[in-house]
Structure formats: C-alpha cells, structure tokens
Amino acid sequence: MQNITFDPAGGKLWVSVKTGGLYAISFTYTLLESDDAPQNSPAVLTIPMIAGDNLDGEGEHHFAVVNSFHPNEPLALYDGRFIDTSFFIKVLQDDAGFAISVHLFQGDDFLTAVDLGGDGKSDQVGDGNNHKTFGIKFKISKS
C-alpha cells in the first residue's frame with residue numbers, strides 16, 4: 001500500500017477518481033480512520049458512503065476529503081488515515097481495456113490543487129461474467 005504525504009498547514013485535501021474505457025465502472029470512496037484511533041471512533045468517516053460511476057459521461061470525479069462526523073477538524077488529524085476506493089467494472093461493449101486512477105490533491109480549490117500522488121490500474125475484463133471488482137487504497141500522512 002502506498003503512503004502519500006500532505007502538508008498539515010496546507011489547503012484542503014481532494015480525491016480524484018479518473019476512469020477510461022468503454023466499460024461500466026462504478027466506485028465507492030471512503031475515508032477510513034487511522035489504525036491507532038480510539039476504539040470509540042467510527043472506522044468509516046464518510047457517512048453516507050460516497051459513490052459514483054462513469055455512466056454520466058464524466059471521465060473524472062473529485063471529492064473533498066472530509067470527516068463527516070467532524071467536518072472542520074484540522075488537517076493534522078488526518079495523519080495515518082486511509083483513502084479506500086472500491087471498483088466494480090462490467091463490459092458494455094468490445095474495448096481494448098479500462099484505466100482507472102485515484103490521486104490525492106491538496107489546495108483550497110481542486111482546479112489549482114497540487115497532485116500529491118496516487119495509484120492506478122489498467123486491465124481488461126475477461127472472466128465468465130464479464131465483470132471485475134478490485135480496490136485501490138492508500139495511507140495519508142503529514143509531512
């Protein structure tokens with residue numbers, strides 16, 4: 001699992017999910033608590049769970065990284081938390097394959113935010129049901 005560092009004195013954090021290919025791609029994004037969080041802290045900090053798909057014709061979706069229970073908490077408290085995305089992919093028509101990337105950005109506005117890094121996957125769907133599921137997860141830490 002990749003670790004991505006952010007500036008705790010910097011701007012907002014954003015998650016960008018990019019999808020490509022002639023496939024139906026649906027996804028969920030969640031902000032998870034750190035491994036050393038108090039036991040009374042909820043494990044999933046995005047309530048309701050945030051979801052999207054590529055059926056709207058958009059190739060990229062971006063979401064502010066926010067703890068739904070404490071939306072105004074300082075960024076320094078995000079140290080050690082996890083960004084978790086799950087994907088369900090189904091073939092719509094013949095295509096050379098799909099490409100997905102999930103990146104973390106930092107800045108007060110997504111359009112001017114700096115890409116801090118991320119991960120991606122490209123593949124083809126070839127199982128008997130013409131679908132595939134997988135996830136991309138990374139840890140975020142203050143620099």
Practice prompt. Scan region 2-30 residue by residue and report those that are outside any strand (DSSP E or B) and more than 16 Å from Phe87 (Cβ to Cβ).
Written response: Asp7, Pro8, Ala9, Gly10, Gly11, Lys12
Worksheet item: Restricting region 96-143 to residues that are of a type in the set (D, E, K, R) and under 12 Å from the mean Cα position of the chain (by Cα), which is farthest from Leu32 (Cα to Cα)?
Response: Asp119
Worksheet entry | Unique match (being at pLDDT below 95, surrounded by fewer than 17 Cβ atoms within 10 Å (Cβ to Cβ) and in contact with a Leu (Cβ under 8 Å, 6 or more places away or on another chain)) among Asp127, Asp94, Asp123 | Asp94
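If you go through region 56-114, how many residues are of a type in the set (S, T, N, Q) and more than 16 Å from Ile25 (Cβ to Cβ)?
At the first step, the residues of region 56-114 found to be of a type in the set (S, T, N, Q) are 67-68, 72, 85-86, 93, 101, 106, 112.
Narrowing the set further to residues that are more than 16 Å from Ile25 (Cβ to Cβ) leaves 67-68, 72, 106, 112.
The qualifying residues number 5.
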Worksheet item: Among (1) in a strand (DSSP E or B); (2) within 21 Å of His61 (Cβ to Cβ), which single condition is Ser141 missing?
Response: (2)
Response to the item:
Scanning region 35-58 residue by residue, those farther than 15 Å from Ser86 by Cβ and either surrounded by 17 or more Cβ atoms within 10 Å (Cβ to Cβ) or within 12 Å of the chain's Cα centre (by Cα) (or both) turn out to be Leu45
Practice prompt. Inspect region 85-99 for any residue being part of a strand (DSSP E or B), out of contact with any Ser or Thr (no Cβ under 9 Å at 6 or more places or on another chain) and either within 19 Å of Gly135 (Cβ to Cβ) or among the β-branched types (Val, Ile, Thr) (or both) and give the result as yes or no.
Written response: yes
Discussion item. If a residue must be surrounded by 13 or more Cβ atoms within 10 Å (Cβ to Cβ), small (Gly, Ala, Ser) and in contact (Cβ under 8 Å) with a residue 40 or more places away in the chain, how many such residues does region 65-81 contain?
Written reply: 1
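The values are calculated or read from the model by the stated rules, or taken from the named source; none is laboratory data. Every value quoted in this text rests on a predicted model; they were computed, and no experiment measured them. Because the Cβ atoms are built from the backbone with ideal geometry, glycine has one as well, and the counts that use them run over all protein chains shown.
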